[in-house]
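For reference, the structure is listed below as structure tokens.
What follows is calculated from the coordinates using simple rules that are stated; it is not laboratory data. Only a predicted model underlies this, so the values are computations on that prediction, with no experimental measurement involved. Because the Cβ atoms are built from the backbone with ideal geometry, glycine has one as well, and the counts that use them run over all protein chains shown.
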Amino acid sequence: MKIIFAANFSQTSNEWLDALRNAMPECEIIAWDESTPRTDAEIAVVWSPSPSLLVREPNIRALFNMGAGVDALLSLPGLSDKVSIYRLEDAGMSAQMAEYVVYYLVRASRGFDHFERAQQQEKWDKTPDIQRDQWPVGVMGLGLMGAKVAEVIASLDYPVAGWSNTQKNIPGVESFAGVGQLKQFLQRSRVLVNILPLTSETSGILNFENMSLLISGAYIINVGRGGHLVEDDLIRLLEVGHVSGATLDVFRQEPLPQGHQFWSHPKINITPHIAAATLLNQTTQQLSNKIRDFVHGKHVTGQVRHGRGY
Ligand code: NAP
Ligand code: GLV
């Protein structure tokens with residue numbers, strides 16, 4: 001069985017190839033790029049592959065994504081319902097996501113920036129104790145990532161709500177669902193954590209109108225996709241002080257271009273799309289199990305619904 005490996009993890013490709021070859025010794029794993037002669041493989045392991053992949057390899061009938069978000073795959077030229085897409089299911093990502101969100105939430109709610117500045121001036125400068133009821137957190141997206149994030153934040157006694165397509169029952173997390181409950185959800189939230197998939201319905205959801213509904217002094221944490229955020233709307237809300245700060249891990253253009261206004265903004269923290277990395281061992285194991293199930297005609301979990309977009 002031939003399997004194409006088409007992932008733009010350039011610096012670590014060889015490590016991934018070795019790991020996949022070790023996990024599936026029965027398969028021929030082909031490192032693919034646009035110059036590779038046609039392989040006629042039916043399976044590809046991918047992360048943001050070249051847009052020509054399905055055009056040059058029309059026999060592909062299953063894409064196994066090396067991440068949770070499949071937005072880059074659903075726009076591939078040549079994609080049809082005949083090509084099944086399987087997403088990575090957690091594989092060690094949700095714990096990382098929870099750590100990331102808690103770190104930036106706590107920096108904001110406990111004012112840790114203040115103590116860093118005070119240390120530089122050798123000042124013993126206490127601030128008022130935290131009042132958690134002033135820090136209601138809203139998590140957009142309660143899937144494999146969002147549910148874990150919301151649970152962990154709830155365990156720290158912050159008031160937490162989540163927003164998703166369908167109603168959820170997560171202990172300690174108030175559930176809001178659908179467009180009809182979005183306004184209510186935003187109006188009760190001060191820290192807004194976005195972990196939605198990027199779809200036609202969620203694109204630009206972090207816009208002026210929605211972010212204006214948050215409690216004043218709001219804080220935005222965007223770990224979904226750059227396409228969720230209307231960049232100039234965030235800047236406007238930071239300028240008027242309605243939003244007090246933001247942590248951004250994902251951007252419309254990645255890497256974030258030099259000179260972009262976000263880099264030097266005093267109220268924005270930037271990380272280079274690392275909130276939850278694809279981990280080599282867990283991912284290789286999960287992908288090889290999925291591929292074996294697929295090859296043997298068994299049910300494969302994590303199948304993406306093309307029409308829904310996630
Ligand atoms: P998931 O399991 O598919 O969960 C998606 C969640 O979003 C579900 O709760 C879903 O609601 C909700 N949702 C989707 N469309 C919606 C809409 N129009 N309105 C309201 N709720 C909607 O995905 P996941 O594994 O949690 O990952 C989520 C996203 O995180 C990925 O797509 C990716 O963009 C991002 N991500 C980023 C990083 C990073 O390092 N920055 C790492 C991993 C993932 P239902 O549950 O009701 O269907
Ligand atoms: C990372 O962004 C992912 O979608 O896994």
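May I ask you to list the residues in the stretch 81-99 that are more than 8 Å from ligand 1 (Cβ to nearest atom) and not in a loop (DSSP other than H, G, I, E, B)? If the condition is that a residue be more than 8 Å from ligand 1 (Cβ to nearest atom) and not in a loop (DSSP other than H, G, I, E, B), then Ser84, Ile85, Tyr86, Ala95, Ala98, Glu99 are the ones that fit. Hey, does the stretch 100-114 have a residue that's within 16 Å of ligand 1 (Cβ to nearest atom), of a type outside the set (Ser, Thr, Tyr) and without any contact (Cβ under 8 Å) to a residue 60 or more places away in the chain? Within the stretch 100-114, one or more residues are within 16 Å of ligand 1 (Cβ to nearest atom), of a type outside the set (Ser, Thr, Tyr) and without any contact (Cβ under 8 Å) to a residue 60 or more places away in the chain. One residue stands out in the stretch 254-272 among those that are in contact (Cβ under 8 Å) with a residue 24 or more places away in the chain and in a loop (DSSP other than H, G, I, E, B): the one that is surrounded by the fewest Cβ atoms within 10 Å (Cβ to Cβ), namely Gln261.
Filtered by the rule that a residue be under 31 Å from the mean Cα position of the chain (by Cα), assigned to a loop (DSSP other than H, G, I, E, B) and loosely packed, with under 12 Cβ neighbours inside 10 Å, the stretch 111-134 gives a lone residue, Gln131.
Contact annotation: residue pairs with Cβ atoms under 7 Å, 6 or more positions apart or on different chains, pairing a residue in the stretch 273-297 that is at positive phi with a partner that is within 13 Å of ligand 1 (Cβ to nearest atom), are His273/Asp249; His273/Val250; His273/Glu254. The residue of the stretch 232-253 that is farthest from ligand 1 (Cβ to nearest atom), among those that are in a loop (DSSP other than H, G, I, E, B) and more than 23 Å from Arg110 (Cβ to Cβ), is Val240. Going through the stretch 236-252 one residue at a time, which ones are surrounded by fewer than 20 Cβ atoms within 10 Å (Cβ to Cβ) and within 15 Å of ligand 2 (Cβ to nearest atom)? Within the stretch 236-252, just Arg252 meets the criteria.
Scanning the stretch 94-131 for residues that are of a type in the set (Phe, Trp, Tyr) and within 30 Å of Gly69 (Cα to Cα) yields Tyr100, Tyr103, Tyr104. Of all residues in the stretch 203-221, those satisfying the criterion of being surrounded by fewer than 21 Cβ atoms within 10 Å (Cβ to Cβ) and not aliphatic (A, V, I, L, M) are Ser203, Gly204, Asn207, Phe208, Glu209, Asn210, Ser212, Ser216, Gly217. Note on the stretch 42-75: residues that are within 16 Å of ligand 1 (Cβ to nearest atom) and in a loop (DSSP other than H, G, I, E, B) total 7. The residues of the stretch 1-37 that are surrounded by fewer than 16 Cβ atoms within 10 Å (Cβ to Cβ) and part of a helix (DSSP H, G or I), listed by number, are Ser10, Gln11, Thr12, Ser13, Asn14, Glu15, Asp18, Arg21, Asn22.
Would you confirm whether any residue within the stretch 215-222 is within 17 Å of the chain's Cα centre (by Cα) and polar (S, T, N, Q)? Yes, because at least one residue in the stretch 215-222 is within 17 Å of the chain's Cα centre (by Cα) and polar (S, T, N, Q). Are any of the residues in the stretch 93-104 crowded, with 17+ Cβ neighbours inside 10 Å and within 25 Å of Gly297 (Cα to Cα)? So far as the stretch 93-104 goes, no, none of its residues is crowded, with 17+ Cβ neighbours inside 10 Å and within 25 Å of Gly297 (Cα to Cα).
Listed by first and then second residue, the pairs linking a residue in the stretch 52-64 that is within 21 Å of Val300 (Cα to Cα) to a residue that is in a strand (DSSP E or B) and not basic (Lys, Arg), with Cβ atoms under 6 Å apart and 6 or more places separating them unless they lie on different chains, are Ile60/Ala44; Ala62/Ile43; Ala62/Ser84; Leu63/Ala44; Leu63/Val46; Leu63/Ile85; Phe64/Val45; Phe64/Tyr86.
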